1. Residues of the stretch 1-18 being part of a loop (DSSP other than H, G, I, E, B) and open to solvent by 20 Å² or more (accessible area, probe 1.4 Å), which ones?
2. Regarding the stretch 321-332, can at least one residue be identified that is more than 16 Å from Val223 (Cα to Cα) and surrounded by 15 or more Cβ atoms within 10 Å (Cβ to Cβ)?
3. Working only within the stretch 286-320, note down all residues that are within 24 Å of Gly220 (Cα to Cα) and open to solvent by less than 60 Å² (accessible area, probe 1.4 Å).
4. On the basis of being at negative phi and open to solvent by less than 60 Å² (accessible area, probe 1.4 Å), does Gly220 make the cut?
5. State which residue pairs qualify: first residue more than 15 Å from Asp249 (Cα to Cα) and inside the stretch 264-293, second residue away from the ligand (no atom under 16 Å from the Cβ) and open to solvent by 50 Å² or more (accessible area, probe 1.4 Å) in any location, beta carbons under 8 Å apart, and separation of 6 or more residues or different chains.
6. Do we find that Gly385 is among the small types (Gly, Ala, Ser) and modelled with pLDDT of 95 or more in this structure?
7. Within the stretch 131-147, count every residue that is open to solvent by less than 10 Å² (accessible area, probe 1.4 Å) and among the aliphatic types (A, V, I, L, M).
Amino acid sequence: MSKLVLNPGKERSLLRRHPWVFAGSVARLDGRARPGDTVDVVADDGRVLGRAAWSPESQIRARMWSFAPDTVIDHAFFKRRVAESVARRATHPLLANESGLRLIHGESDGLPGVIADRFGDVVVVQLTGAGAEKWRDAIVAGLVQATGCTAVYERSDSDVRSLEGLGPKTGCVYGELPEGALTIVENGVRMEVDVVAGHKTGFYLDQRDNRRLTGLLSAGRSVLNCFCYTGGFSLQALAGGATSVLSIDSSGPALDGARRNMTLNPQLDAGRAEWMQADVFEALRALKSEGRRFDLIVLDPPKFAPSAAHADRAARAYKDINLFGFRLLNPGGILMTYSCSGGVGLELFQKIVAGAASDAGVDARILHRLSASADHPIGLAVPEGEYLKGLTVQVG
Ligand code: SAH
């Protein structure tokens, strides 16, 4: 097996089980390896630190499969890791009965570059690394075996694949998608999931707990849901007894999905829901100048900062929407605000939100602070990546 030899001192983060080897840490590759091949990762003093997938095109030159030097990385290894990931959710009291569930969350499950979400009988898989790409068949076989699903649909169309030198790949890799729309039930609300054309794998599962919290906080409140996508937060708010819900998104197809979700839930009062296609940055200003006010506002934007290099620009965008969020709240109102930007950690995000509250002249306190949900576990040494950060704050 080829050896990836590190520069002196660069073994330290790996010894703390950080799963990535950056280009600057690599002294040389002894032997030959193609993208995705398994290599031994070796410290400057010759110590073998574990085994990793080689990805010569990426700034992350290798992603660790194992920190044990002698682990055999083969078909059976991936089946085992997949089965363990699925079993962890199956035995988790908050997750065992969810019809929409993240089964594999990349590095946190020891499977860098692999995301797998289950929606009913269908599993959607997204492969974003050269190593994951190489072991596609084993990963898919492992998912079929561990879940008994009827279809595995691949959504490897994330732009991060280009950083690994990989093109997009989508389509069924096992079985066939059922006729008609897929639906899941989340906190008692039926939601359609478009695994073919929806965002990412079709649905933002990472917000499940926060959507539930929105439902619990919505009774008797007027709600504004910004960046609503297919209406997840909006429908939870209605189910929780919101008096009105105004939902905004710039995407027509997302709002079409939201309206379909409304009709899938005849138990909810559609008359209380208003759907608006608009740019949130502009809409917030318009609502302010119209003198509108709300009791609960949700801000769940797309990622503004894909990496730390974009953090400044992202910080300004977060500041802007949060400032307007605070300005549009009634006294005693609640702001639920989120970031999924890899370049903005929870601490920085809290600073931005605090700055927005201060500029808006409101006194705000945290009701709930979140950095990950149960089926998106973060490995202790795993970088923050794109996982969700969120604050629920109440103004005086
Ligand atoms: N809250 C949603 C997920 C939001 S994803 C849920 O719980 O499912 C982010 C959404 O923001 C996408 O639907 C995208 O269409 C929308 N979006 C992106 N930029 C926007 C903008 N400037 N104005 C309005 N919507 C925007």
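The values are calculated or read from the model by the stated rules, or taken from the named source; none is laboratory data. Just so we're clear, the structure is a prediction, and the values are computed from it rather than from any experiment. Virtual Cβ from ideal backbone geometry, glycine too; neighbours counted across all protein chains shown. Keep in mind that these areas ignore ligands, DNA and RNA; they rest on the heavy atoms of the full protein, side chains included. Shrake-Rupley method; radii C 1.70, N 1.55, O 1.52, S 1.80 Å.
1. Initially, the stretch 1-18 is screened for residues part of a loop (DSSP other than H, G, I, E, B), giving 1-2, 7-11, 16-18.
Met1, Asn7, Pro8, Gly9, Lys10, Glu11, Arg16, Arg17, His18, listed by residue number.
2. Here is the first cut: in the stretch 321-332, the residues more than 16 Å from Val223 (Cα to Cα) are 323.
Cutting the leftovers down to surrounded by 15 or more Cβ atoms within 10 Å (Cβ to Cβ) gives us 323.
Scanning the stretch 321-332, I find at least one residue that is more than 16 Å from Val223 (Cα to Cα) and surrounded by 15 or more Cβ atoms within 10 Å (Cβ to Cβ), so the answer is yes.
3. The answer is Leu287, Gly291, Phe294, Asp295, Leu296, Ile297, Val298, Leu299, Asp300.
4. So Gly220 fails the test.
5. Close Cβ pairs (under 8 Å, with a partner that is away from the ligand (no atom under 16 Å from the Cβ) and open to solvent by 50 Å² or more (accessible area, probe 1.4 Å)) amount to Ala270/Thr263; Arg272/Thr243; Lys288/Arg327.
6. no
7. Just the residues of the stretch 131-147 that are open to solvent by less than 10 Å² (accessible area, probe 1.4 Å), to begin with: 131-132, 138-139, 142-143.
From what's left, among the aliphatic types (A, V, I, L, M): 132, 138-139, 143.
Of the residues in the stretch 131-147, 4 are open to solvent by less than 10 Å² (accessible area, probe 1.4 Å) and among the aliphatic types (A, V, I, L, M).
Here's the yes/no breakdown for (1) away from the ligand (no atom under 11 Å from the Cβ); (2) modelled with pLDDT of 95 or more; (3) of a type in the set (A, V, I, L, M):
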| site | (1), (2), (3) |
| --- | --- |
| Ser218 | yes, yes, no |
| Leu224 | yes, yes, yes |
| Thr230 | no, yes, no |
| Gly241 | yes, yes, no |
| Ser244 | yes, yes, no |
| Ile248 | no, yes, yes |
| Gly252 | no, yes, no |
